Amino acid sequence: MLRAGALLALGGAAGSLAGCGLFDRDDPAPGPDPLAPLVDESLRLAAGLRAAAGAHPALADRLTPIAEAHQAHAAELARVIGTPLPSAPAPTPSDPAAADPDAALAALREAERAARETATKACAAAPAERAALLGSIAAARATHVEALK
Amino acid sequence: MTQPTAPAGPTAALADALTAEYAAIWAYGPIGVRLSGAARAAARDAEAAHRRRRDALVLRLSTTGGTVPADRAGYALPFPVTDRASALRLAVEVEDRAAAFWRAALPHTTGADRDQALAALVEYALRATRWRRTAGITPLTVPFPGRPA
């Protein structure tokens, strides 16, 4: 049993071996880390802010530090999870930056509000060693809503 | 109120947060007298928020058998407050530092205590952002509110 456990712990390959019946697996494969969606969310928010900054250069000074904060959150979350940060460009934000600057800011505020909720829930559910990071991310997202007013 | 050191447990973490609230309440005295109009009202509002948290912490610590640390007659300010600009800078500093103490409490708390610690971290990070806006300090946000520099 120890041997099988050690082999399975080798990681990524374990999933593809599961179907071939070589090993009797009595442990379910570990699921994705609960923080993995937060990495994607952070990268999406950063991409949305960069797109808006590109479309509205007058807002770039306000939007760029916030985009950088999301990028830093993604990097820190990936470090905590123990996965490399996806190096491919983040998925394009679902909506292209609005043509009107006020509408663009309103859409960004709404995205930050929703993201703040995600981080708040993740912080409440987190083990001790992750609570402070998630708390900072929730607080950062709340301040982004304010800074985008 | 300096940087929080790692508290020994939940009660110590909340006692540390209480000392931060004492210092914040004290600091809003010299801050308030240098401000006028809307900024002065915001300082009163902020001071009231710290008083509410102080009262809740005293109650929480005394009803659960914890030691309630004593308030001091005065606290050393990180720099002299001589005018509006230095008062606003101190207000930013006070909120940032208070946020750090609540962030430090997150790993030591669960359930309702953690929710309250997170609410405090988020609220003080928001107040710091609003003070930066009033003071004309940019960027308005920091990537990881409450995280030791």
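The values are calculated or read from the model by the stated rules, or taken from the named source; none is laboratory data. Computed from a predicted model, the values in this text were never measured in an experiment. Cβ: placed from backbone, ideal geometry, glycine included. Neighbour counts: every protein chain shown. SASA here: full protein model, heavy atoms, side chains in, ligands and nucleic acids out. Shrake-Rupley method; radii C 1.70, N 1.55, O 1.52, S 1.80 Å.
List of remarks:
- Choice from B:Ala104, B:Ala85, B:Ala38 with maximal GNM fluctuation in chain B (Cα, 10 Å cutoff): B:Ala38
- Heavy atoms of B:Val142 accessible to a 1.4 Å probe, total area in Å² rounded to 10: 50 Å²
- Binning the alpha carbon pair distances of the protein assembly as shown at 10 angstrom intervals from zero yields the distribution 6, 25, 28, 22, 12, 5, 2, 0, expressed in whole percent.
- Relative contact order %, the stretch A:36-147, counting alpha carbon pairs below 8 Å whose residues are six or more apart: 28 percent
- Here is the list for the stretch B:1-81: trypsin sites (Lys or Arg not before Pro) lying in DSSP coil, each with at most 13 other C-beta atoms within 10 angstrom of its C-beta, are B:Arg72.
- Sorting B:Leu140, B:Leu77 by solvent-accessible area of protein heavy atoms yields B:Leu77, B:Leu140, largest first, with a 1.4 Å probe.
- Extending 7 Å from the Cα toward the beta-carbon at both A:Ala98 and A:Asp61 defines two label points whose distance is 2.3 nm.
- Solvent accessible area, Å² - B:Asp55, 1.4 Å probe, full protein context: 80 Å²
- Per-residue accessible area (protein heavy atoms, 1.4 Å probe) orders B:Phe101, B:Phe79 as B:Phe79, B:Phe101, starting from the largest.
- Backbone HN-Hα couplings from phi across the stretch B:72-89 [Karplus 6.51/-1.76/1.60, Hz, Gly and Pro as x]: 10, 6, x, 10, 6, 7, x, 7, x, 9, 10, 7, 4, 4, 6, 5, 5, 4
- Å³ per residue enclosed by the Cα convex hull of the stretch A:36-147: 87 Å³
- Relative contact order (%) - the stretch B:1-128, alpha-carbon pairs under 8 angstrom, separation at least six: 36 percent
- Each principal axis of the Cα cloud of chain B was taken in turn, and the coordinate range along them, longest first, works out to 42, 34, 23 Å.
- Label-to-label distance for A:Arg109 and B:Val33 is 3.8 nm, based on points extended 7 Å past Cα in the beta-carbon direction.
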